[in-house]
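Undergrad: Have a look at this one.
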């Protein structure tokens, strides 16, 4: 399944059921589509068509449900007819965003798409019963759209799955770690000059956790690839000593919800990140990590953490505490449950 569905929907199912709710989930894209997507392969048109037909069938049966919860949009790259129909029939819906998907339309290369659907997500937000948003950038867009009810809902971890790292690699090579998908590998590649400079002065290892194996990309340092899976991702993060999250300061990236940073901190790691989007909300510069705006700052901050084990421990402890206070499954569930119960009165 896709990351958004896994983190913002599926991991809450057991909590909803324990609270007495019956939940039926219908993902838009199937596993065949997602596997090809993450491997960078072309999609089979008939498979994509089948996804649209399945979603249409679900909507034809919407009257059976007490509440319709939409992740981002009902039908990607089609006008908001389904959402319009739900509103007109008095059924209503809530909608959830953890990415700036509105830029799929208002920043599209085709002027036809921009003209025809540039305001699609604004319409969906404005006519929803409630709009859940993962960060401030998405909230600002929801406010601009005229959404009636906006609820902050960051992307969070299940603390049962995570644990704080005990000790570090001071006696061996320090491991700088990055976890991500094949589609976000381009962000890590921007740090090639940083790794080259660090490697000329220090002995470290770059640990890359990714679903797709890669050949030598010329990072200029020792690199180890670890295959990503949901079952093993926490153990992979626990192998790291420092977590990183580089991002360009672009519109799409401003909508990201800093989930990598939250994962690193949930394992007690210090972090270095670009000061983009929600990263600046999660990273308290000089307290639980560093925000690096330039190549020189990346080199300097990573150098500092590599050589200072006590600082790594201090930052990691504060990051861990932040996650336990603000970014847990239980905290988000209470926010969601409170809002849903209010809507269903």
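Undergrad: For segment 288-298, does any single residue satisfy the condition of being at pLDDT 95 or above, more than 22 Å from residue 201 (Cα to Cα) and outside any strand (DSSP E or B)?
TA: yes
Undergrad: If you go through segment 225-242 one residue at a time, do you hit one that is in a strand (DSSP E or B), closer than 27 Å to residue 320 by Cβ and in contact (Cβ under 8 Å) with a residue 24 or more places away in the chain? Walk me through how you get there before you give the answer.
TA: As a first pass, look at segment 225-242 and keep what is in a strand (DSSP E or B): 225-227, 242.
In the following step, the residues that additionally are closer than 27 Å to residue 320 by Cβ were identified as 225-227, 242.
This time we only want the ones that are in contact (Cβ under 8 Å) with a residue 24 or more places away in the chain, so: 242.
Looking through segment 225-242, at least one residue is in a strand (DSSP E or B), closer than 27 Å to residue 320 by Cβ and in contact (Cβ under 8 Å) with a residue 24 or more places away in the chain.
Undergrad: Here's another thing I want to ask about it. For segment 155-169, what are the residues that are farther than 22 Å from residue 229 by Cα and either touching a helix residue (DSSP H, G or I) at 6+ places or on another chain (Cβ under 8 Å) or touching a residue at least 12 places away in the same chain (Cβ under 8 Å) (or both)?
TA: Within segment 155-169, 168, 169 qualify.
Undergrad: May I ask you to list the residues in segment 257-268 that are in a loop (DSSP other than H, G, I, E, B), touching a strand residue (DSSP E or B) at 6+ places or on another chain (Cβ under 9 Å) and closer than 16 Å to residue 99 by Cα?
TA: Of everything in segment 257-268, just one residue is in a loop (DSSP other than H, G, I, E, B), touching a strand residue (DSSP E or B) at 6+ places or on another chain (Cβ under 9 Å) and closer than 16 Å to residue 99 by Cα, namely 258.
Undergrad: Do the conditions hold for residue 276, that is, is it more than 26 Å from residue 310 (Cβ to Cβ) and modelled with pLDDT of 95 or more?
TA: Yes; evaluated as a whole, the condition is true for this residue.
Yes/no per residue for (1) in a helix (DSSP H, G or I); (2) touching a strand residue (DSSP E or B) at 6+ places or on another chain (Cβ under 9 Å):
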{"position": "244", "(1), (2)": "no, yes"}
{"position": "305", "(1), (2)": "yes, yes"}
{"position": "310", "(1), (2)": "yes, no"}
{"position": "340", "(1), (2)": "yes, yes"}
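Undergrad: Let me ask something else about it. When you scan segment 277-303, how many residues do you find that are surrounded by fewer than 15 Cβ atoms within 10 Å (Cβ to Cβ) and in contact with a strand residue (DSSP E or B) (Cβ under 6 Å, 6 or more places away or on another chain)?
TA: Qualifying residue count for the region: 1.
Undergrad: Conditions: (1) at pLDDT below 70; (2) within 30 Å of residue 338 (Cα to Cα). Residue 32 meets all but one. Number of the miss?
TA: (2)
Undergrad: Based on what the data block shows, is residue 162 modelled with pLDDT of 95 or more, surrounded by 18 or more Cβ atoms within 10 Å (Cβ to Cβ), assigned to a loop (DSSP other than H, G, I, E, B) and at negative phi?
TA: Considered against the rule, which asks whether it is modelled with pLDDT of 95 or more, surrounded by 18 or more Cβ atoms within 10 Å (Cβ to Cβ), assigned to a loop (DSSP other than H, G, I, E, B) and at negative phi, residue 162 comes out as yes.
Undergrad: Against the condition more than 19 Å from residue 107 (Cα to Cα) and free of Cβ contacts under 8 Å to residues at least 12 places away in the same chain, how does residue 181 come out, does it pass?
TA: So residue 181 fails the test.
Undergrad: Let me ask something additional. Among the residues of segment 221-254, what is the count of those that are crowded, with 24+ Cβ neighbours inside 10 Å and under 15 Å from the mean Cα position of the chain (by Cα)?
TA: 2
The values are calculated or read from the model by the stated rules, or taken from the named source; none is laboratory data. Everything quoted here is computed from the prediction, not taken from an experiment. So basically every Cβ, Gly included, is an ideal-geometry build from the backbone, and we count neighbours across all protein chains shown.
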